[in-house]
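Everything on this sheet refers to the single structure shown next.
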Amino acid sequence: MDIEQFRRAGYQAIDRICDYYISLRNRPVIPQVEPGYLRKLLPASAPTVGEDFQLIADDYQKYILPGLTHWQHPSFFAYFPAACTFESILGELYASSTSNPGFNWSVGPVCTELEAVVMDWSAQILGLDRSFYNTTEVGGGVIQATACDAALVATVAARSRYIREHPQVPMEKLILYTTTQTHSLGKKAGLILGLKVRALPVTAEDEFALRGENLEVALKEDADAGLHPFILIATVGTTSSGGVDKLDEIGVVVKENHPSVWLHVDAAWAGVALVCPEYREVCQLAAINSYADSFCTNFHKWGLIHFDASCLWVRHRTHLTDALDVTPEYLRSKRGDDGTAIDYRNWNLNLSRRFRSLKFWFVLRSRGTEGFQKHITDCIKLNDQFAQGIRKSDQFSFVAKPFLALTVFRLAPESLSHPTTPELNALNRAFYARLAARSDIAFTQTELNGVFCVRMAIGTERTVEGDIDRALAVVGEEGRIALRKWER
Ligand code: PLP
């Protein structure tokens, strides 16, 4: 493809992307395809002779689009949102146009410099403490691909710090703490690093949040057993319920009595809500600022910047570089050697890194703090509307308190007298199976301490009040049918 062919294909691509967004509302949310559908449509091997690009672009429309779940659809309420804005797409386009792997400052100075700036801008709009800013040259922020990567990096750094402080402790005595509601990223970090993992139990009465006293008990038990907890992965906005661990209590326990334990706060979804001062208290910003060694939030979930845009801030950058700096001769540079510039390769697991900060810069400037605040409050208002419908209904009940833009509920009709948990679970599995069979709307199932339930998470910019009314109508109708069938 030459420059002029690229120009033509590029204009067409933008036109087609615009048409896609114009038609999005009329598309099914869930694709109507069966496993293996694509292999039947494509040749068994790549072509020997290159093909005309127009053919390829048309085949994208024909074969690829029908196999996509439309996460930007106004009726996509599953998992958590996967942000995507036009400014962000353009940022990615420009970034990919120069394909700069930016691992050291010297191999693309602006990649490093812009990342350091936008991470400080992001820290500012979220209200994070100055000690997390890159300008301190002590703490700092780095863009990771995912929150799983961020937790893994934090765990590697915490382990390295702990071993340096306690050289006599054998590796097999180390233990990573999560809660039973921590995202699977905790277990995965343990799996990858060969570490013991202990998931501390949380209860519905405590709104699925870890309490300081429960942590204290676990720390004592493990100390008595000769184990060494070295990191706790706490959460602000858990996946299944939106729970917020009691960071104020946990922070006191860790920092006053167990200062060698690293506190990582995973706020992959909810963290972006910190942009609104009115949600800072429920998201425990003061405790994050006082106690967290590291903090992560994904702008690629609720934060208008699309995948991959996971932010990790640390209070001491040397804990990352002490753990992750491996510098053979071919990676050395003058600036790296004399410490006058950040080499971000030493702040993450990989070497080459995409120029992700460009899309941050585009979106942060284009929307401004107010644009982010509006997006968050719009979604929360829509969730209030949904929660209000659930509250008023005699069919449904909440399984967790609605939080920000997440409602977790189940079918629990008042007409049923004293149903047992297994009975209600069976009813709700049948109810969810009906929802999941629909292609025009998407929810996710989950389980909270043995209770099967349905999650509704709002986050695309295209969802409006009418979509919430429709969602309430759909759950109401499917709930009635599920109940009728179940009663027979
Ligand atoms: N943490 C929480 C609370 C999540 O809900 C999720 C995903 O939904 C993750 C972490 C994982 O995020 P990522 O896909 O960026 O690793």
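A compact table of results
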| quantity | calculated |
| --- | --- |
| Assigned charges on the beta-carbon of Lys, Arg, Asp, Glu; the stretch 3-68 dipole about Cα centre (debye) | 240 |
| Euclidean distance of C-alpha centroids, the stretch 198-227 and the stretch 453-483, integer Å | 36 |
| Long-range HN-HN contacts of L210 with modeled amide H, under 5 Å | D245, K246 |
| CD proxy at 222 nm, helix term only [per DSSP H run n ≥ 4: -39500 (n - 2.57); per residue of the chain; nearest 500] | -13500 deg cm²/dmol |
| Subset of K173/K401; K359/K401; K187/K246 violating a 28 Å alpha-carbon distance limit | K173/K401; K359/K401 |
| Charge tally in the Cβ shell below 10 Å around A430, where Lys, Arg are +1 and Asp, Glu are -1, A430 excluded | +2 |
| Given charges at Cβ of Lys, Arg, Asp, Glu: the stretch 152-296 dipole, positive-most of A267, V197, I288 | V197 |
| Residues with amide H under 5 Å from that of T180, placed H, sequence gap 5 or more | L200, V202 |
| Dipole of the chain, positive end: most advanced residue of W105, Y20, F398 [Cβ charges, Cα centre] | Y20 |
| Gain upon complete extension [D322, F398; 0.36 nm per residue less C-alpha separation] | 22.8 nm |
| Residues R27 and D2, FRET efficiency given R0 of 35 Å [Cβ-Cβ distance, rounded to 0.05] | 0.55 |
| Charged-residue dipole, Cβ positions (Lys, Arg, Asp, Glu), the stretch 333-488 about Cα centre, Debye nearest 20 | 520 |
| Long-range amide H partners of L448 with built H, under 5 Å | C453 |
| Pairwise centroid distance, computed over Cα atoms, of the stretch 362-416 with the stretch 340-360, Å | 35 |
| Rel. contact order, % - alpha carbon contacts under 8 angstrom, at least six apart, the chain | 21 |
| Average silhouette area of the chain, convex hull of alpha-carbon atoms, in square nanometres | 26.7 |
| Per-residue ³J(HN,Hα) for the stretch 293-309, Karplus 6.51 cos²θ - 1.76 cosθ + 1.60, θ = phi - 60°, Hz, x for Gly and Pro | 7, 8, 9, 10, 9, 9, 5, 7, 9, 10, x, 6, 10, 8, 3, 10, 8 |
| Cα-centre dipole for the chain with unit charges at Cβ (Lys and Arg positive, Asp and Glu negative), debye to 20 | 780 |
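Quick note: the coordinates plus some simple rules give every number you see, no bench work behind them. Owing to the predicted nature of the structure, the values given are computational and were not obtained by experimental measurement. Ideal geometry is used to build each Cβ from the backbone, glycine not excepted, and the neighbour counts take in all protein chains shown.
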